Amino acid sequence: MAHQNPSERSVQELYRDDPERADALVWGRRGALQGAALAAMGAALGGSIPFARNMPSGLVPAALAQGANQPQFLQMEGKAPLILQGERPLNAETPEHLLDDPVTPADKFFIRNNGSVPDTVADARAWKIRIDGEVNTPLELTIAELEQRFEIVTRKLQMECGGNGRSGFSPQAAGNQWGNGAISNAEWTGVRLRDVLRAAGVKDGAKFTGQHGADSHLSAQGPAISRGMRIEKAMDEDTLICFRMNGAAIPQMHGAPARLIVPGWPGSLSQKWFTRLEVLNKPHTGRGMGGTSYRIPVRPIVPGSRNNGADFVDMESMPVRSVLSSHAHGTRLPAGTRSLDIRGHAWAGDLSVRDVHVSTDFGQSWQAMQVAAPPNRHAWQRWQGRIALPSDGYYEIWYRATDSNGRMQPHVAANWNPQGYGANPISRVAILIG
Amino acid sequence: MRLLPYAAVVVLLCASATIAQTPDLAQRQAEAAAALAERQEEETVLAEGEGRSEVFGYCTACHNTALIRRSAFTRERWDELMDWMAEKHGMNPLEGEFRDTIVDYLARHYGPLTRGPRGGNPFLN
């Protein structure tokens, strides 16, 4: 797909502009590609389609589904060429094939901002964090004091944007059109939030938190974002106030000098440039709370319909998801390649991943991959295995994870909501042999 | 046992050295992010049509046009987003003819890509 030829454009345009006609032209009565149409689609993709007879009617091949608008890439010192979602606010997604490291390095860490990136501070160790609200003893501690007073822990923790996978929704939902790449699994060092909360003494009846950071809204009026969670998650052993990432200072882009890490829940709770946490006896009302923000329907709504989110609930543990990191979407392999060792990562919010299955025949048959145990709770898990490729031609590798409760990634994004949270459909990577 | 305090000092020194190496890069990244945010856009980056100047002028006060260009919403969804930005993000509420100009432009040029192979959701018609 490196260059565009006339037939490629025509198939793409056909699907974009008139899908009904495209279906009629491309798909036959028995759901199989017909003569000239099959040849045309094969030419568009640059090869034949060995499992064409299994392609469901109306399914646009993954290699075409990217559309005519090619992604733009971030160019920034110290950062890999991430997929640029927008400059103001600055948001960039990690392509799945750059998520191969077991521990996500700083340069491959996705960028999510709601507001402006603050200036750096001269003395990181003097940075102050306040704990107040429904506590017996409000605290204001510098990073140096936190390090002295509380046990320091280091954990590998997966943390993803609440909107990860949003581009799977149809019709389109509002927000960054993330694929699966708004995910990270860095090694974080800090102190447990619960140890600090216990030192402050949480009052009976306190049930929620409200987080605050130093970044300002793009309008320059007020904070960029301020979210909160149930106190139970704040007391989880893996919810940390962090001051190091991968053994070094936290990069400015990712919340230096202190960041709250709330693994497995929407990344917006992992407050960057963290300054303050309020303990509350009712849900927080900061920017990013209420309505349709980080909230999902309890009773499914009609996709594309209007809704104020009053009946929605806050999104908590993120749904099961997987990436394939060994081969980029659009990888071309030598003719005669008959097997391929593939691998990736899978994770499931507060849960773990039980299985990963792969299909190379559009979902007709599925093959179990090996799934490693996580190095610690809330870390993502490595999956790997070998697939067979019976001939040269165009293939899609479909990969699907199942969480420890037995829930698997669905074929299409479920539970549509206006701001697009919780889309975790099965992903597809296109490869070409020969 | 007597070595332990020294080991701790060495670890602390190493940690300080790691922290001390990064401020330059951190500062350069912060500046690069600011430069990206401040990069001037031309109005012509948006589709040509009536209302483009109004949309460009009003919307880019807060965010750049990437948020518009990546979007594909019905008129009703665009209209809903105007209320959402006013309620949640401090935008001056849009009303009357000016609102129509903005929403009409967005719906006309950044509407849904497709209604789907079966003509859209039957429950929305």
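The values are calculated or read from the model by the stated rules, or taken from the named source; none is laboratory data. Every value quoted in this text rests on a predicted model; they were computed, and no experiment measured them. Ideal geometry is used to build each Cβ from the backbone, glycine not excepted, and the neighbour counts take in all protein chains shown.
Residue count for region A:299-332 satisfying the condition of being modelled with pLDDT of 95 or more and not in a loop (DSSP other than H, G, I, E, B): 6. Any residue that is charged (D, E, K, R), under 30 Å from residue B:112 (Cα atoms) and within 14 Å of chain B (Cβ to nearest Cβ) - is there at least one of those in region A:282-293? There is at least one residue in region A:282-293 that is charged (D, E, K, R), under 30 Å from residue B:112 (Cα atoms) and within 14 Å of chain B (Cβ to nearest Cβ).
Annotation: residue B:47 fulfils all but one of (1) outside any helix (DSSP H, G or I); (2) surrounded by fewer than 13 Cβ atoms within 10 Å (Cβ to Cβ); the unmet one is (2). Considering only residues of region B:67-97 that are more than 15 Å from the chain's Cα centre (by Cα) and among the polar types (S, T, N, Q), which is farthest from residue A:177 (Cα to Cα)? Of everything passing the filter in region B:67-97, B:92 is farthest from residue A:177 (Cα to Cα). Residue A:94 meets each of the listed conditions (1) more than 14 Å from every other protein chain (Cβ to nearest Cβ); (2) within 30 Å of residue A:281 (Cβ to Cβ); (3) in contact with a Gly (Cβ under 6 Å, 6 or more places away or on another chain) apart from (2). Please determine, by comparing only the residues of region B:60-73 that are crowded, with 18+ Cβ neighbours inside 10 Å and without any contact (Cβ under 8 Å) to a residue 12 or more places away in the chain, which one is nearest to residue A:223 (Cα to Cα). Step by step, filter region B:60-73, then rank; the result is B:63.
Within region A:142-167, restricting attention to residues that are at pLDDT 95 or above and within 14 Å of chain B (Cβ to nearest Cβ), the residue that is surrounded by the fewest Cβ atoms within 10 Å (Cβ to Cβ) is A:148. The single condition among (1) over 22 Å from the mean Cα position of the chain (by Cα); (2) free of Cβ contacts under 8 Å to residues at least 40 places away in the same chain; (3) surrounded by 24 or more Cβ atoms within 10 Å (Cβ to Cβ) that residue A:250 does not meet is (1).
Here residue B:110 fits the description: within 13 Å of chain A (Cβ to nearest Cβ), of a type in the set (Ser, Thr, Tyr) and either surrounded by 15 or more Cβ atoms within 10 Å (Cβ to Cβ) or touching a helix residue (DSSP H, G or I) at 6+ places or on another chain (Cβ under 6 Å) (or both).
In region A:345-378, of all residues being at positive phi and within 17 Å of the chain's Cα centre (by Cα), the one that is surrounded by the fewest Cβ atoms within 10 Å (Cβ to Cβ) corresponds to A:349.
Applying the condition of being part of a helix (DSSP H, G or I) and small (Gly, Ala, Ser) to region B:54-107 and asking which residue is nearest to the other protein chains (Cβ to nearest Cβ) yields B:66.
If you filter region A:227-245 down to residues that are within 14 Å of another protein chain (Cβ to nearest Cβ) and under 20 Å from the mean Cα position of the chain (by Cα), you find that the one that is nearest to residue A:115 (Cα to Cα) is A:227. Checked against (1) more than 12 Å from chain B (Cβ to nearest Cβ); (2) under 29 Å from residue A:381 (Cβ atoms), residue A:205 passes all but a single condition, namely (2).
Of the residues examined, residue A:423 is not one that is modelled with pLDDT under 95, touching a helix residue (DSSP H, G or I) at 6+ places or on another chain (Cβ under 8 Å) and surrounded by 16 or more Cβ atoms within 10 Å (Cβ to Cβ). Scanning region A:200-222 for residues that are crowded, with 18+ Cβ neighbours inside 10 Å and either within 20 Å of residue B:90 (Cα to Cα) or not aromatic (Phe, Trp, Tyr) (or both) gives A:200, A:202, A:206, A:209, A:210, A:211, A:212, A:213, A:214, A:215, A:217, A:218.
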